[in-house]
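The values are calculated or read from the model by the stated rules, or taken from the named source; none is laboratory data. Keep in mind that what you see is a predicted model, and the values were worked out from it rather than measured. In this analysis, Cβ positions are derived from the backbone assuming ideal geometry, glycine residues included, and neighbour counts consider all displayed protein chains.
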Amino acid sequence: MGGQVAIFWAAPFFAALPAHTLKGATVRKYKSRKKGKWPRQWQYSKMPRQMIFSKEWSDLSPASKIIFIQMKGKYNSNNNGKLKLYYSELRKIKGLKCSRTISRGFRELEEKEWIRRTKLGGAYGRSNEYEITGKYDPSIEWDRLIAAGEV
C-alpha cells in the first residue's frame, strides 16, 4: 500500500486513527513522486535580480507587476507565445478585482514592451495569447538561445 494518505479534515485527534476507520472523511492517496519530477506547487519562476532592481520594473504599476509574475509562473520555456491569463484567474488575486485594473495592467505591459500579444482573442470565448519579450528579463532570452542551439 505505497504512497501517502492525506485527510482533508482539520480535527487534530483524527490524525492518530488509521484512514479506514474514518467514515465519511475524504481520503486521497498520493503516489510517491518520480525522481526529478516536483509537484506543481513546489515549482518556482526565475526572477533575476537585475530585472527586479531595474528602473523599468520600478516604473510598472502594482497591477502590471502582479500580472507579469503570474505570466512568469505559467512560462515553462516551451510555451512562450502561447501564454494565456484569464481575467477570472486574476480576479482571485488581492488588488486585481476590477476588470479595468486588469486591462490597464496588460496595456501597460504591452506599451512598455514587457509582453507581446501573439493572438487576439475576444470572440466566442477565446482568450488572448501572450509572449514574454525578454527585453528586460534575461532568463527568457537565455531560454531562447538554448532552444536555437546558439549556446
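Observations on the structure shown:
- Qualifying position, being at pLDDT below 90 and surrounded by 11 or more Cβ atoms within 10 Å (Cβ to Cβ), among 18, 48: 48
- Residue ID - farthest from residue 58 (Cα to Cα), chosen from residues in region 92-138 that are hydrophobic (A, V, I, L, M, F, W, C) and either surrounded by fewer than 18 Cβ atoms within 10 Å (Cβ to Cβ) or over 17 Å from the mean Cα position of the chain (by Cα) (or both): 123
- First in region 87-104 and under 12 Å from residue 70 (Cβ atoms) and touching a residue at least 12 places away in the same chain (Cβ under 8 Å), second anywhere and hydrophobic (A, V, I, L, M, F, W, C) and in a loop (DSSP other than H, G, I, E, B), Cβ under 9 Å, 6 or more apart: 87/96; 90/96; 102/85; 102/96
- Reported count of residues in region 73-91, each being surrounded by fewer than 18 Cβ atoms within 10 Å (Cβ to Cβ) and either within 13 Å of the chain's Cα centre (by Cα) or closer than 20 Å to residue 45 by Cα (or both), is 11.
- Residue that is nearest to residue 87 (Cα to Cα), among those in region 107-121 that are free of Cβ contacts under 8 Å to residues at least 40 places away in the same chain and either part of a helix (DSSP H, G or I) or in contact with a helix residue (DSSP H, G or I) (Cβ under 8 Å, 6 or more places away or on another chain) (or both): 107
- Among the residues here, residue 131 qualifies as at pLDDT 90 or above and not in a loop (DSSP other than H, G, I, E, B).
- In region 53-97, the qualifying residues are those that are of a type in the set (Phe, Trp, Tyr) and modelled with pLDDT under 90, and the one that is nearest to residue 139 (Cα to Cα) is 75.
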